[in-house]
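Below: the structure, in structure tokens.
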Amino acid sequence: MIVDVTSRSAEIPDALKGYARQKLMDLSPVGLLPGSRPASPEMPLSRSTPRILAVLSKQGGMTICELQFRGSRGESWTATEQAKEARVAVDGAVQKLNRQRLRWKEKRWHKNRRRRAAG
């Protein structure tokens, strides 16, 4: 799992970038995100390695957090949240991404269950 935290048009403190990285890494243990597994230095990175890109920006006194997840199986989710407090924006975007993950997982589980029942 690759987690990139960047900023757009504003300087974001390293503490906030670290906070966002930690929240996203909490999502990434095996089973929480499809195709995720702990990253190791000897593991070669490929195009199929799951990636999360977090873009933090400030606009008119609000902090905007945009998350983009690209999975190893082609799944793609995007979540955006804005709030006055930066950590609240990060937490809200992570919650949105987590809800999308749960919906995807439930759809997949029900689809496989229908196949087993019909077969």
Inset, instruction - Determine the alpha carbon to alpha carbon distance for each of Lys17/Lys84; Lys17/Lys105; Lys17/Lys58 and list only those over 20 Å. - result: Lys17/Lys105
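If you stretched the chain out fully between Thr80 and Lys17, how much longer would it get, using 0.36 nm times the residue separation minus the C-alpha to C-alpha distance? Working shown, then result.
On the way: separation 63, 0.36 × 63 = 22.68 nm, distance 1.61 nm.
The Thr80-Lys17 span can extend by a further 21.1 nm.
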Inset, instruction - Starting from the Cα of Lys23, draw a straight line to each of the aspartates and glutamates and keep only those under 15 Å, dropping any in the same chain fewer than 8 residues away. - result: Asp4, Asp14, Glu66, Glu81, Asp91
Inset, instruction - Please give the net charge around Gln22, taking every other residue with its beta carbon less than 12 angstrom from that of Gln22, where Lys and Arg add +1 and Asp and Glu add -1. - result: +2
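All of the numbers you see were taken from the coordinates with simple rules; none came from a lab. What you see is a predicted model; the values in this text were computed from it and never measured. Positions of Cβ are generated from backbone atoms using ideal geometry, with glycine treated the same way; all protein chains shown enter the neighbour counts.
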